[in-house]
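Right, one structure below, let's go through it.
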Amino acid sequence: MEFNHKPVMLDECIEGLNIKPNGIYFDGTLGGGGHSKQIAKRLAEGGRLIAVDKDAEAIIFAGESLAEFKDRITIINDDFKNSKEILD
Ligand SMILES: C[S@@+](CC[C@H](N)C(=O)[O-])C[C@H]1O[C@@H](n2cnc3c(N)ncnc32)[C@H](O)[C@@H]1O
């Protein structure tokens, strides 16, 4: 399965997030994982990314493309409107 998607304003987002290696981040629209990959690359010990998408196909695709970061990413098939419950 292909997920042809160019992450929008990727550099601006990553710059704006000013990622801390031990920080906790939430991506509510994981999609193909473009933004999530750049966040995960900047995380270290204690850093965490919770990534959500309501589309099961996106979850499968992004899960594969983000496999190398599975120690610091939690991928969830859900709607971001449930972010409070997810993060709790
Ligand atoms: C434009 S893509 C995101 C692309 C991603 N940032 C990337 O870099 O690959 C938008 C994604 O948001 C998901 N989405 C849209 N509304 C959503 C919602 N309410 N909850 C969770 N995911 C949602 C869609 O399934 C789609 O995969």
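The residues neighbouring E85, those whose beta-carbon lies less than 13 Å from its own, together hold a net charge of -1 under the Lys/Arg +1, Asp/Glu -1 convention. Among the GluC sites (Glu not before Pro) in region 1-69, those placed in a DSSP loop whose Cβ has at most 11 other Cβ atoms within 10 Å are E2, E45. Taking 7 Å steps out from each Cα toward its Cβ at L17 and L87 produces label points 1.4 nm apart. Each principal axis of the Cα atoms in region 10-87 has its own extent, and those three values, largest first, are 28, 26, 25 angstrom.
Within 12 Å, Cβ to Cβ, of G23, how many net charges do the neighbouring residues add up to if Lys/Arg are +1 and Asp/Glu are -1? Neighbourhood net charge equals +3.
A short reminder: the numbers here are calculations on the coordinates, not readings from a lab. In this text, all values refer to a predicted model and were calculated from it rather than measured experimentally. Glycine also receives a Cβ, built like all others from the backbone with ideal geometry; neighbour counts cover every protein chain displayed.
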